[in-house]
Ligand code: KG4
Ligand code: ZN
């Protein structure tokens, strides 16, 4: 059984093939040109996806030693994401499905991230606590199976990755902010500034908007514009901000582990690539004597391997999608209980 996965929700075009349970290709083309605009420009993103998607499919087939006719199921991210960008991968996948007369499966991007730990050799064990931290989402989920997910909490405003990107902008560190903050933070003192983390009524929810504002106020009160922050101060701000995100994520994770019986923890999404977050979550897992799975960098950021894998599991559970399927804006309710 050969599954083709396509991802085009934001600024990565990716094509993957899972052949008889083995990942034989996971090609990722990143649109680095957005950095000069300080963020993703949706229209430019759509055009770039359009140019690269067919060559990537051809390369993925070649790498896997397959022809288009060998593909049994075609999966594509259908949302959430940038609408124009999503439409490129989704429409292409639907067209392939129609012409090859093979089933099509619309995959939710967040569910793709959520199960990306299964692309690793050492896999999560159900039930697991899923922590999805990306540029658009921050979610704490109780995952009982491939089709049964319970949402414990989410961000009420900015996503964790969004906060990294916005704070990086304030510090003049450029886009994407996460890796740049991590780099600056490595040279800074995480205890230097005690940035606050929000305490909400719902114990598993997150809020990063206040944290972002307090970083802005700190910069405004202490320095004359982002260009005039001395390097060591900039590193300390980055480290202290990163430390606040780490504290928020670990606080809610600890709460969930105290209240729900799980066999493992799975950290996923672009922000899961952050070393400080990985270290803290690994410590939390050890304290609770739980296994933790963190996908390697290739599977943390946007990639089609996770889309193909999620599609495979949906197909095995008996799901296929109609070719009239349109991109959707939020979480798919279907597998949430
Ligand atoms: O999952 P992802 O690739 O795309 C979305 O689905 O949003 O996540 C992208 C986010 C960006 O906000 C980026 O700054 C963040 O992940 N990110 C990081 C790191 N690498 C990427 N955040 C913190 N530390 C990192 N090392
Ligand atoms: Zn993503």
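The values are calculated or read from the model by the stated rules, or taken from the named source; none is laboratory data. What you are looking at is a predicted structure, and each value in this text was computed from that prediction instead of being measured. Neighbour counts are summed over all protein chains in view; Cβ atoms, including those assigned to glycine, are modelled from backbone coordinates with ideal geometry.
Annotations
- Of the criteria (1) without any contact (Cβ under 8 Å) to a residue 12 or more places away in the chain; (2) surrounded by 15 or more Cβ atoms within 10 Å (Cβ to Cβ), which one residue 32 fails: (2)
- One residue stands out among those in region 239-273 that are touching a strand residue (DSSP E or B) at 6+ places or on another chain (Cβ under 9 Å) and assigned to a loop (DSSP other than H, G, I, E, B): the one that is nearest to residue 108 (Cα to Cα), which is 269.
- Only one of the numbered conditions (1) away from ligand 1 (no atom under 12 Å from the Cβ); (2) within 27 Å of residue 45 (Cβ to Cβ); (3) outside the structural domain of residue 79 (by TED's automatic domain parsing) is not met by residue 94, and that is (3).
- For region 143-152, the condition holds for no residue, the condition being that it is under 16 Å from the mean Cα position of the chain (by Cα) and under 30 Å from residue 92 (Cβ atoms).
- Residue check for residue 308: modelled with pLDDT of 95 or more, crowded, with 16+ Cβ neighbours inside 10 Å and under 21 Å from the mean Cα position of the chain (by Cα): yes
- Reported count of residues in region 215-254, each being away from ligand 1 (no atom under 16 Å from the Cβ) and surrounded by 17 or more Cβ atoms within 10 Å (Cβ to Cβ), is 8.
- Filter result for residue 211 (in the same structural domain as residue 269 (by TED's automatic domain parsing), closer than 24 Å to residue 128 by Cα and buried (at least 17 other Cβ atoms within 10 Å of the Cβ)): no
- Residues of region 160-181 that are over 20 Å from residue 132 (Cα atoms), within 8 Å of ligand 1 (Cβ to nearest atom) and in a loop (DSSP other than H, G, I, E, B): 175 alone.
- In the set (1) outside any helix (DSSP H, G or I); (2) in contact with a helix residue (DSSP H, G or I) (Cβ under 6 Å, 6 or more places away or on another chain); (3) within 8 Å of ligand 1 (Cβ to nearest atom), residue 136 fails one condition alone, (2).
Rundown of residues vs (1) more than 25 Å from residue 83 (Cα to Cα); (2) within 11 Å of ligand 2 (Cβ to nearest atom), yes/no style:
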| position | (1), (2) |
| --- | --- |
| 107 | no, no |
| 110 | no, yes |
| 114 | no, yes |
| 121 | yes, no |
| 128 | yes, no |
| 136 | no, yes |
| 142 | yes, no |
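- Within region 22-42, the set of residues being at pLDDT 95 or above and more than 16 Å from ligand 1 (Cβ to nearest atom) comprises 22, 23, 24, 25.
- Of all residues in region 56-101, those that are within 13 Å of residue 25 (Cβ to Cβ) and either outside any loop (DSSP other than H, G, I, E, B) or out of contact with any helix residue (DSSP H, G or I) (no Cβ under 8 Å at 6 or more places or on another chain) (or both) total 12.
- The lone exception for residue 153 - which of (1) within 16 Å of ligand 1 (Cβ to nearest atom); (2) in a strand (DSSP E or B); (3) within 23 Å of residue 248 (Cβ to Cβ) it fails: (1)
- Filtered residues of region 12-25 (kept if under 13 Å from residue 303 (Cα atoms) and without any contact (Cβ under 8 Å) to a residue 60 or more places away in the chain): 25
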